[in-house]
1. Going out from 0 in 10 Å bins, what whole percent of all Cα-Cα distances in segment 1-82 drops into each bin?
2. When ranked by the protection proxy of mean other Cβ atoms within 10 Å per residue, highest first, what sequence do the peptides 123-131, 14-22, 274-282 form?
3. Could you bin all the Cα-Cα distances of segment 226-298 into 5 Å bins starting at 0 and give me the percent of pairs in each, rounded to whole numbers?
4. Rounded to the nearest whole Å², what accessible area per residue is found for segment 102-184 with the 1.4 Å probe?
5. Give me the percent of the accessible area of the chain that comes from carbon and sulfur atoms, probe 1.4 Å, all protein chains in place.
6. Based on the Cβ-Cβ distance of residue 158 and residue 225, what FRET efficiency does E = 1/(1 + (r/R0)^6) give at R0 = 22 Å, to the nearest 0.05?
7. Report the percentage of all Cα-Cα pairs in segment 104-182 whose separation exceeds 19 Å, rounded to a whole percent.
8. Which peptide among 73-79, 166-172, 251-257, 192-198 comes first, and what is the full order, when sorted by highest mean count of other Cβ atoms within 10 Å?
Amino acid sequence: MRLPHISLEQWRCLIAVVEAGGYAQAAEALHKSQSSVTYAVQKLETTLQVRAFEIQGRKAKLTPTGEMLYRRARLLLEDADAMERAASRASAGWESEISLAVEILFPNWLMFQCLNRFGVESPQTRIEWYETVLDGTPEALSTGKADLAITGILPPGSAAELLMTVRAIAVSHPDHELQKLGRPVEYRDLRKHRHITVRDTSVKRDKKALTVDATNRWTVGNMATSIGAVSRGYGFSWLPEEKIRNELRTGELKPLPLRDDRQLTQPLYLVIPDRDGAGPGVRRLAEIIREETKSTCFEYKRDPSGFTLP
């Protein structure tokens, strides 16, 4: 096997020069002398017989070859970092902390069961639970914020397994005007009334994901606030049937008589972004989530207000 001639430290210096905006800034970011950073990059260029930078005025600008080297170097260092983290986890045993991004459509009480069962087996592992909406979950995966995720939107190229399908229905307070039309509710009727939605937790929010293009809309921060607003008659919304079982039973909420009896279904997937590098704690928690979800879905299979297995 041919051994590389360029060290990771040389690639790190190249990346720092590009991202910091110059040799002096890179030296400061790396806590090195400017001469050592300059030498590392020049040694890299000499060894590979390429020019990564060209001087324009007082600034060093990447050449086309330098652009390619920069992109590949970023990937190389990311892989090296992932390998070190995987090795560290393997040698240290179970992780001290696991971060979990969970789409809010997933039942909280079911996640409580999973985490409690996991806590019995690994009481020393802390859990960081991010409640996410729409693109917020894939974003948590792509940025490395989450070790494990339950999402309704799959990131490109991700390895995922279907956990369950959640059903949502259009509801309002029983005294809402939409309940008094005396006929099936049309889409044009919905547009005339306030729509309560939950905010996408991603940085880049996709407004196309909205169910109804209503001019009057309240966008709130979490599912509980949405349910509270609709239960008090402030608007209508599509809400997960499983999360409003109590409100439907007590009569605080009532399904809207839509003409097409339209229900929304959302598959939820379990994703481990780095299966090879995942520690034993992440793998065990994923296994518990699979088992508890499967058991619960079978339990609710006969209940029309429950949810279903894939």
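The values are calculated or read from the model by the stated rules, or taken from the named source; none is laboratory data. All values derive from a computational prediction rather than experimental measurement. For neighbour counting, all protein chains shown are included, and Cβ atoms are generated from backbone atoms with ideal geometry for every residue, glycine included. The accessibility values were calculated without ligands, DNA or RNA, using every heavy atom of the protein model including side chains. Shrake-Rupley method; radii C 1.70, N 1.55, O 1.52, S 1.80 Å.
1. 18, 55, 24, 3, 0
2. Working: 123-131: 14.0, 14-22: 19.0, 274-282: 17.3.
My ranking of the peptides, most packed first, is 14-22, 274-282, 123-131.
3. Calculated P(r), rounded to whole percents: 3, 12, 17, 15, 13, 12, 11, 9, 6, 3.
4. Details: 3800 Å² over 83 residues.
Spelled out: the 1.4 Å probe surface of segment 102-184, per residue, equals 46 Å².
5. Working: 8730 of 17560 Å².
Summing carbon and sulfur atoms, their accessible area is 50 percent of the total for the chain.
6. Details: r = 30 Å, r/R0 = 1.36.
Rounded to the nearest 0.05, the efficiency is 0.15.
7. Details: 1658 of 3081 pairs.
Everything past 19 Å amounts to 54 percent.
8. Working: 73-79: 14.0, 166-172: 21.7, 251-257: 17.0, 192-198: 18.7.
Averaged packing, sorted descending, gives the order 166-172, 192-198, 251-257, 73-79.
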